[in-house]
1. Under 16 Å between alpha carbons, and skipping anything fewer than 8 positions from LYS103 in its own chain: which aspartates and glutamates qualify?
2. Show me the GluC sites (Glu not before Pro) within the range 186-269 that DSSP assigns to loop and that have at most 10 other Cβ atoms within 10 Å of their Cβ.
3. Leaving ligands, DNA and RNA out of it, report the carbon-plus-sulfur percent of the accessible area of the chain at a 1.4 Å probe.
4. Given the pairs LYS114/LYS248; LYS83/LYS309; LYS113/LYS290; LYS113/LYS298, which span a C-alpha to C-alpha distance of over 30 angstrom in this model?
5. As a test of the formula, what do you get for the chain when each DSSP H run with n ≥ 4 contributes -39,500 (n - 2.57) and the sum is divided by the residue count, at 222 nm and rounded to the nearest 500 deg cm²/dmol?
6. Using a Gaussian network model of the chain with C-alpha springs under 10 Å, which one of ALA311, ALA153, ALA241 is most mobile by mean-square fluctuation?
7. Among the listed pairs LYS371/LYS430; LYS59/LYS147; LYS190/LYS259; LYS48/LYS96, which have their C-alpha atoms separated by more than 23 angstrom in this model?
8. Between PHE257 and SER156, what's the calculated FRET efficiency when r is the beta-carbon distance and R0 is 45 Å? Round to 0.05.
Amino acid sequence: MKNLILLVIAISLGVFTYFFQELQDREDYKNEQRKGQILNPEELGEIKGFSLPQVDLIKQGDQFLFPESGELVDERRVEWFMKILAGVKIKRVIPKEQWQNKKREDFFDDEEKKIEFIFHGQSVSFLLGKKLDFDRSFYMEVTTQEKTELVIAFDSGDHEAIYDKSQAHRSDHHYQRILSLINLDKNFFKDHRIFRHWMNKKWSLLELDFTDGRNRDYTINFPEAKTNPAVPNLLSLKNQAVLDLEKKIVSLEAVSFYKGKNSLPPLVKVTVNSTQGEARLEVYPSADPKLKDHHLLKSSLDGHTYVVKSADILVLLAPVQNYWDLRLLRERPSQLGVQFEDRGDLISFKSEDGRFYAEGKKLKPIHESFKGLLDFLRQPASYWSAGSEIRESAVKQFELDWGQGVFFLMIRSGEIVLYHEESTQALIYKIEGSPPIKVMGVDYFYE
């Protein structure tokens with residue numbers, strides 16, 4: 001009973017400490033962090049827009065726009081901009097009598113280094129002045145509707161560059177970072193995400209319909225996790241590949257808008273069905289030598305043509321078989337029937353002490369040959385095909401059966417063909433040089 005009382009007292013003290021000490025410490029920390037900020041949202045209210053020398057932005061609802069065109073702004077860029085600027089703090093306000101009679105050039109070298117914010121009912125502008133010689137601080141003029149103050153400010157953000165620690169107190173890295181914010185142009189804030197118009201709420205893909213002159217047309221349905229044409233019965237859907245495709249499509253982003261002309265035909269047309277509606281995309285090669293590693297993408301959502309990195313556009317050019325698991329064996333079978341022209345047997349497999357063993361009913365198998373064969377069969381094939389004519393196009397080497405019916409392992413130029421006799425389906429493995437597995441019966445059994 002005594003221990004129970006002590007436990008209750010300890011818990012009570014812990015709860016008291018949390019609510020009356022730790023939470024207060026957290027609030028004090030937040031207040032300390034906010035202290036001296038040139039931009040304090042709690043004091044200034046909701047932001048309605050801001051201006052830089054080369055760009056103006058306004059806010060409508062939850063989104064920023066370019067006022068002259070109504071185009072959406074990339075909110076990620078705005079968040080990054082505001083995060084850096086939030087690190088600028090006032091070290092000291094210089095009394096008016098110390099600067100009003102001095103030359104303005106003593107503090108400012110360019111009247112264009114200005115950021116102006118519009119808040120609900122008021123505006124605030126910040127003019128960046130010269131950097132101080134003896135530390136990382138800089139002059140800044142802060143102007144509101146009521147007053148203008150000259151302050152010494154500093155960037156409290158992390159130092160992101162490599163620097164000499166002995167000179168860190170005088171480094172101009174932070175000053176240059178604030179200057180770079182002021183010099184940002186419209187291109188920096190443009191939103192090049194292909195589906196930016198759907199980003200105002202949560203959305204997900206329902207179906208992609210590919211029309212392609214090079215590969216067979218196909219559809220991927222995401223809620224039902226299936227393709228059309230359907231996955232062959234010998235295979236299965238590559239679920240992770242479908243999930244990766246969905247992520248890549250949703251986050252598809254261009255480098256820039258394309259303003260030129262392009263006379264080349266499309267490589268693929270894709271209809272995108274989503275919970276936000278439908279969009280049609282067309283992918284074109286670029287004839288511009290300056291865009292050698294890029295493709296062009298036209299979107300029906302806004303009529304724009306975009307420049308997209310070729311590496312990012314590959315998901316729209318892939319065939320349906322990219323989303324099929326082209327492996328017949330995912331695990332090592334316990335038994336394997338093998339039949340050559342002159343010999344055959346039922347082989348069982350086991351592993352002991354990290355070593356692989358093959359055991360036959362009638363013949364003595366060569367362990368290394370069967371291990372190499374199973375390792376090969378567990379690899380994904382290069383592609384799938386079907387049709388009885390496949391049997392006539394390659395030279396049969398031997399037969400295999402692990403419980404799914406008889407497969408013919410065949411060889412043709414630059415390929416190994418694994419042909420399923422009953423369904424006439426085949427998996428084709430592209431090879432270079434000599435086959436990576438043994439193909440003769442004498443290589444699988446001891447005499």
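1. Cα-Cα hits under 16 Å: GLU111, GLU141, GLU149.
2. GLU224
3. 49 percent
4. LYS114/LYS248; LYS113/LYS290; LYS113/LYS298
5. -5500 deg cm²/dmol
6. Of the options given, ALA311 has the highest mean-square fluctuation.
7. Those over the limit are LYS59/LYS147; LYS48/LYS96.
8. 0.80
The values are calculated or read from the model by the stated rules, or taken from the named source; none is laboratory data. Please read all numbers here as calculations on a predicted model, not as lab measurements. Because the Cβ atoms are built from the backbone with ideal geometry, glycine has one as well, and the counts that use them run over all protein chains shown. Side chains are part of the model used for accessible areas, which takes the heavy atoms of the whole protein and leaves out ligands, DNA and RNA. Shrake-Rupley method; radii C 1.70, N 1.55, O 1.52, S 1.80 Å.
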